[in-house]
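S.K.: The structure that follows is given in the form of structure tokens.
The values are calculated or read from the model by the stated rules, or taken from the named source; none is laboratory data. Quantities reported herein were computed from a predicted structural model and do not represent experimental measurements. Cβ atoms come from the backbone with ideal geometry, glycine included; neighbour counts cover every protein chain shown. Ligands, DNA and RNA are stripped out before the accessible areas are found, and what is left, the full protein with its side chains, is counted by its heavy atoms. Shrake-Rupley method; radii C 1.70, N 1.55, O 1.52, S 1.80 Å.
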Amino acid sequence: MPQTYDVIIIGGGIIGSIAARYLSRYQLSILLIDRETDICMGTTAGNSAFVHAGYDPVPGSLKALTNVEGNALYEQLSVDLGFDFERNGDYVVAIGQEEVPALERLMAQGKKNGVPGLAMIPGDEFLRREPLINPDAVLAMWAPSGGTCDPFGANIAACENAIQNGVQVMLETEFLDFIREGTRITGIRTNRGDFACRWVVNATGLFADDVMHKAGVRPEFKIQPRRGEYYVLDEAEIKLKPCFFPTPSAAGKGILVAGTVHGNVIIGPNAEVIADKEDRAVTAAGLQEIICGAKKLVPSLTLRPVISLFAGLRAYGNAPCETPGVDYGHDFIIEIPKNVQGLINLGGIESPGLTAAPAIALRIIDLLKDAGEKLLEKRDWNPVRVRRPRFRHLSMEERAELIRKDERYGRVVCRCETVTEGEIVAEIHAPLPARTYDAIKRRTWLGTGRCLGGFDLPRVVDILARELDISPLEVSKKGPGSEFLSGTTKPGMFGGEG
């Protein structure tokens with residue numbers, strides 16, 4: 001007989017992990033599965049890290065409602081879970097009088113969505129506040145509720161808190177199909193066997209259409225990957241705190257220039273609809289589009305401080321908004337389908353999905369209650385996940401005390417980001433263990449400075465091998481097929497023959 005759960009969540013991105021964390025409050029047996037070697041390796045791993053205020057989505061859409069609701073939850077969520085979040089606000093900038101009408105429409109839309117504190121800032125005042133911005137700026141909309149977070153930190157912290165509250169997580173576990181009895185889903189098939197359950201949550205991001213189609217749901221729904229490319233700039237070369245958006249167009253929010261919680265500035269993304277749901281390549285044309293768009297906002301930008309490039313994929317869907325009178329064809333799906341029982345179906349969760357994640361989780365709970373689930377709260381549910389020490393953020397006194405307790409915190413492995421051996425070891429043995437180089441990178445920010453891991457990599461390979469009790473030849477960047485070492489050069493190294 002397969003192991004049985006009340007709820008199985010497919011997908012360990014920000015949506016699935018925050019849903020698991022909120023559901024762990026109740027007396028439910030919960031399994032979260034992800035096909036990768038770690039969580040947070042899909043859409044959540046490649047985005048702007050911005051917590052949107054909520055003026056951009058179409059009023060009345062699920063995007064608009066969950067955006068504003070989710071934004072309001074981030075402050076407390078970041079305190080409870082111990083991840084970085086800064087409510088620095090954002091500007092939308094009109095360059096020239098011809099962009100003012102669009103900015104005014106955006107302001108009216110934001111107010112209709114319930115975004116707090118929106119204000120128009122005249123060009124001269126705006127330029128006094130932000131002297132790096134294009135001097136042709138004539139007007140800017142200020143949204144004080146906009147913010148920036150660490151999406152890796154939020155995702156991992158939510159999953160760890162879920163684990164602390166009894167959720168089981170299985171990685172390298174790929175969903176293959178549903179098990180059904182008539183119109184009711186009673187379990188799932190995976191590459192690691194069958195699992196029975198009463199409810200399945202489809203939180204598979206780019207692949208949500210494929211999953212729901214296996215249940216016979218919404219055959220017309222289709223996700224097209226929309227690729228967005230980014231530059232990351234050295235924090236020593238340029239500093240900006242708020243996020244700056246151009247006046248949006250039909251193609252999207254446009255190329256932003258934004259400070260991050262880690263101190264870097266990022267610029268991007270573009271928005272290219274592609275066919276391949278795995279294609280995260282950066283392109284010469286895309287990068288040229290980004291720098292040109294960013295220089296419209298900050299003309300002094302150059303490529304000299306660029307230290308990294310990346311691309312992410314967004315789940316651009318074609319679900320019509322179901323609010324009467326709202327003509328919009330790319331809304332979120334958050335539902336229990338009428339023709340299938342036992343499925344919480346999520347789809348088309350693109351931007352502002354990171355922002356909306358806690359609000360989506362609360363809607364999942366409401367859907368379960370409406371379906372007749374008697375959700376009983378655990379008496380011992382703990383909403384707090386204590387953050388592990390980050391050496392670079394500690395005072396000299398705090399550093400000395402940490403080293404006194406554990407000398408491994410006195411050995412700096414990544415010099416650019418001041419990450420210590422103690423931090424790396426702590427992540428390898430955390431509730432959600434880091435088992436690859438990239439998993440450690442997501443948790444500590446190791447390898448993200450100017451040298452991009454050039455100095456720390458040999459030491460990290462050694463630490464992973466030692467702590468996981470594996471050969472250095474087995475240590476990988478992101479899982480099987482990405483091992484760093486292919487063999488030995490001398491007899492007897494790592495137990496090999498040379």
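S.K.: For an R0 of 22 angstrom, estimate the FRET efficiency from the Cβ-Cβ distance between Leu375 and Lys338 and round to the nearest 0.05.
M.R.: Working: r = 22 Å, r/R0 = 1.00.
Efficiency, rounded to the nearest 0.05: 0.50.
S.K.: Okay, moving on. Multiply the residue gap between Gln168 and Asp366 by 0.36 nm, knock off their C-alpha separation, and tell me the result in nm, one decimal place.
M.R.: Numbers: separation 198, 0.36 × 198 = 71.28 nm, distance 2.24 nm.
Value of the extension gain: 69.0 nm.
S.K.: For segment 208-249, what class follows from the C-alpha gyration tensor (a ≥ b ≥ c being the square roots of its eigenvalues): rounded when a/c is under 1.5, otherwise prolate if a/b is larger than b/c, else oblate? Numbers along the way, then the final one.
M.R.: Values: a/c = 4.45, a/b = 2.88, b/c = 1.55.
Prolate, because a/c is 1.5 or more and a/b exceeds b/c.
S.K.: Measure off 7 Å from each Cα along the Cα-to-Cβ vector at Val282 and Glu474, then give the distance between these two points in nanometres to one decimal.
M.R.: The modelled label-to-label distance comes out at 3.4 nm.
S.K.: Okay, moving on. Enumerate the amide H contacts of Thr488 below 5 Å, restricted to partners 5 or more residues apart or on another chain; note that Pro and chain-start residues carry no placed amide H.
M.R.: Long-range HN contacts for Thr488: Gly498.
S.K.: Something else about it: Apply the Debye scattering formula to segment 349-498, with a single equal point scatterer on each alpha-carbon and no solvent, then give log10 I(q)/I(0) at q = 0.21 Å⁻¹.
M.R.: Taking Cα atoms of segment 349-498 as identical point scatterers yields -1.26.
S.K.: Would you mind counting up the charge near Val257? Only other residues with Cβ under 15 Å from its Cβ, with Lys and Arg at +1 and Asp and Glu at -1.
M.R.: Values: positive: Arg129, Lys239, Lys241, Lys253, Lys295, Lys296; negative: Asp90, Glu130, Glu229, Asp234, Glu235, Glu237, Glu289.
Neighbourhood net charge equals -1.
S.K.: Still on this structure: Using just the Cα positions, wrap segment 1-45 in a convex hull and report its mean projected area in square nanometres, one decimal place. Numbers along the way, then the final one.
M.R.: Values: hull surface 14.1 nm².
With every direction weighted equally, the projected area is 3.5 nm².
S.K.: Then there's this: Please label the shape of segment 41-115 as rounded, prolate or oblate, based on the square roots a ≥ b ≥ c of the eigenvalues of the alpha-carbon gyration tensor (a/c under 1.5 means rounded; beyond that, a/b larger than b/c means prolate, else oblate).
M.R.: Values: a/c = 2.06, a/b = 1.71, b/c = 1.21.
Prolate, since a/c reaches 1.5 and a/b exceeds b/c.
S.K.: Going by a ≥ b ≥ c, the root eigenvalues of the Cα gyration tensor, does segment 293-392 fall in the rounded group (a/c under 1.5), the prolate group (a/b larger than b/c) or the oblate group? Provide the component values of the computation, followed by the final result.
M.R.: On the way: a/c = 3.28, a/b = 1.39, b/c = 2.36.
Oblate shape, in that a/c is at least 1.5 and b/c is the bigger or equal ratio.
S.K.: Return a whole-number percent for the relative contact order of the chain, with Cα pairs under 8 Å and 6 or more residues apart as the contact set. Don't skip to the answer; put the middle values down first.
M.R.: Numbers: 1099 pairs, mean separation 93.6, N = 498.
Contact order relative to length: 19 percent.
S.K.: Please compute the net charge surrounding Cys159, taking Lys and Arg as +1 and Asp and Glu as -1 over other residues with Cβ under 11 Å from its Cβ.
M.R.: Working: positive: Arg21, Arg385; negative: Asp34, Asp38, Glu160.
Around Cys159, the surrounding residues sum to -1.
S.K.: Any chance you could count the Lys pairs in segment 129-259 whose alpha carbons are under 23 Å apart, treating pairs 8 or more apart or on different chains as valid? Intermediate values should be presented prior to the final figure.
M.R.: Numbers: Lys214/Lys222; Lys222/Lys253; Lys239/Lys253; Lys241/Lys253.
Going through segment 129-259 pair by pair, I get 4.
S.K.: Another question about this same structure. Between beta-carbons, use under 15 Å as the cut-off and find the net charge around Ser395, counting Lys and Arg +1, Asp and Glu -1. Mind showing how you got there, number by number?
M.R.: Working: positive: Arg390, Arg392, Arg399, Arg404; negative: Glu397, Glu398, Glu401.
That sum, taken over residues with Cβ under 15 Å, equals +1.
S.K.: Using 20 Å as the cut-off for backbone N distance, which residues of segment 455-487 belong to the label zone defined by a point 7 Å from the Cα of Glu407 along Cα→Cβ?
M.R.: The answer is 459-460, 462-464, 466-467.
S.K.: Quick one: putting +1 on the C-beta of Lys and Arg, -1 on the C-beta of Asp and Glu, what dipole do you get for the chain around its Cα centre, in Debye to the nearest 20? List each step's numbers first, then the result.
M.R.: Details: 56 positive and 64 negative charges, 88 e Å.
So the magnitude is around 420 debye.
S.K.: Please tell me the relative contact order of segment 398-498 in percent, rounded to the nearest whole number, where contacts are Cα pairs under 8 Å and at least six residues apart. Intermediate values should be presented prior to the final figure.
M.R.: On the way: 135 pairs, mean separation 19.2, N = 101.
The normalised contact order for segment 398-498 reaches 19 percent.
S.K.: Follow-up. Over the chain, how many percent of alpha carbon pairs lie in each 10 Å bin up to the one with the longest distance?
M.R.: Spelled out per bin, shortest first, that is 4, 18, 29, 26, 16, 6, 1, 0.
S.K.: Another question about this same structure. From the phi angles alone, apply the Karplus equation (6.51, -1.76, 1.60; θ = phi - 60°) to segment 176-188 and give each ³J(HN,Hα) in whole Hz, x where the residue is Gly or Pro.
M.R.: With coefficients 6.51, -1.76 and 1.60, one gets 10, 6, 8, 9, 10, 10, x, 9, 9, 7, 10, x, 9 Hz.
S.K.: Going 7 Å from the Cα of Phe455 toward and past its Cβ, which residues in segment 384-420 have a backbone nitrogen under 13 Å from where you end up?
M.R.: Under 13 Å, as judged by backbone N against the label point of Phe455, lie 412-420 of segment 384-420.
S.K.: Measure out, as a whole number of angstrom, how far apart the alpha-carbon centroids of segment 344-363 and segment 381-430 sit.
M.R.: Measuring centre to centre over Cα atoms gives 32 Å.
S.K.: Return the sequence-ordered ³J(HN,Hα) values of segment 136-142 in whole Hz as given by the Karplus equation 6.51 cos²θ - 1.76 cosθ + 1.60 applied to θ = phi - 60°, using x for Gly and Pro.
M.R.: Karplus values, whole Hz, x for Gly and Pro: 7, 5, 10, 6, 9, 9, 9.
S.K.: Label points 7 Å out from Cα along the Cβ direction at Thr488 and Ser308: separation in nm?
M.R.: 3.4
S.K.: Would you mind giving the three semi-axes, in whole Å and largest first, of the ellipsoid equivalent to segment 162-300 according to its Cα gyration tensor?
M.R.: Working: eigenvalues 322, 76, 34 Å².
Each semi-axis is √(5λ); the values are 40, 20, 13 Å.
S.K.: Report, please, the projected area of segment 1-86 averaged over directions, based on the convex hull of its C-alpha atoms, in nm². Before the final figure, lay out the partial values.
M.R.: Numbers: hull surface 30.9 nm².
About 7.7 nm², averaged over all directions.
S.K.: Okay, moving on. Distance from the Cα centre of segment 301-326 to that of segment 26-59, in angstrom?
M.R.: 14
S.K.: Could you quote the convex hull projected area for segment 118-159, Cα atoms only and averaged over all directions, in nm²?
M.R.: Details: hull surface 16.4 nm².
The orientation-averaged projected area of the Cα hull of segment 118-159 comes to 4.1 nm².
S.K.: Restricting to Cα pairs below 8 Å that are 6+ residues apart, what does the relative contact order work out to for segment 291-336? Please round to a whole percent. Please list the in-between numbers first.
M.R.: Values: 26 pairs, mean separation 10.4, N = 46.
Worked out over segment 291-336, it gives 23 percent.
S.K.: Once the piece of chain linking Asn382 and Asp177 is laid out straight, how much longer is it, given 0.36 nm per residue of separation minus the C-alpha distance between them?
M.R.: Values: separation 205, 0.36 × 205 = 73.80 nm, distance 3.34 nm.
Between Asn382 and Asp177, full extension yields an extra 70.5 nm.
S.K.: Full extension from Thr323 to Met396: what is 0.36 nm times the residue separation minus their Cα-Cα distance, to one decimal in nm? Before the final figure, lay out each step's value.
M.R.: Details: separation 73, 0.36 × 73 = 26.28 nm, distance 5.56 nm.
Full-extension gain reported as 20.7 nm.
S.K.: Further question on the same structure: Over segment 375-487, what percent of the accessible surface lies on carbon and sulfur atoms, probe 1.4 Å? Don't skip to the answer; put the middle values down first.
M.R.: Details: 3210 of 6130 Å².
About 52 percent, which is the carbon plus sulfur part of the accessible surface.
S.K.: Still on this structure, I have one more. Go ahead and estimate [θ] at 222 nm for the chain from helices alone: -39,500 (n - 2.57) per DSSP H run with n ≥ 4, summed, over the residue count, rounded to 500. Could the numbers behind the result be given before it?
M.R.: On the way: 12 runs with 142 residues, N = 498.
That comes out to -9000 deg cm²/dmol.
S.K.: Using only Cα atoms, locate the centre of segment 60-89 and the centre of segment 460-488, then give the distance between them in Å, rounded to an integer.
M.R.: Computed from Cα coordinates, the inter-centre distance equals 37 Å.
S.K.: Residues with amide H under 5 Å of Gly254's amide H, sequence separation 5 or more or different chain, H placed in the peptide plane at 1.01 Å from N; which?
M.R.: For Gly254, the qualifying residues are Ser249.
S.K.: Just the accessible area per residue of segment 231-349, please: how many Å² with a 1.4 Å probe?
M.R.: Details: 4940 Å² over 119 residues.
That works out to 42 Å² per residue.
S.K.: Ranking request for peptides 180-191, 431-442: highest mean number of other beta-carbon atoms within 10 Å first, then the rest in descending order. Walk me through the numbers on the way to the answer.
M.R.: On the way: 180-191: 16.1, 431-442: 22.0.
Descending mean neighbour count gives 431-442, 180-191.
S.K.: Relative to the Cα centre, what is the charge dipole magnitude of segment 195-319, using +1 at the beta carbon of each Lys and Arg, -1 at the beta carbon of each Asp and Glu, and rounding to the nearest 20 debye? Don't jump to the answer; show the numbers that get you there.
M.R.: Working: 15 positive and 12 negative charges, 70 e Å.
Using Cβ point charges on Lys, Arg, Asp and Glu, segment 195-319 gives about 340 debye.
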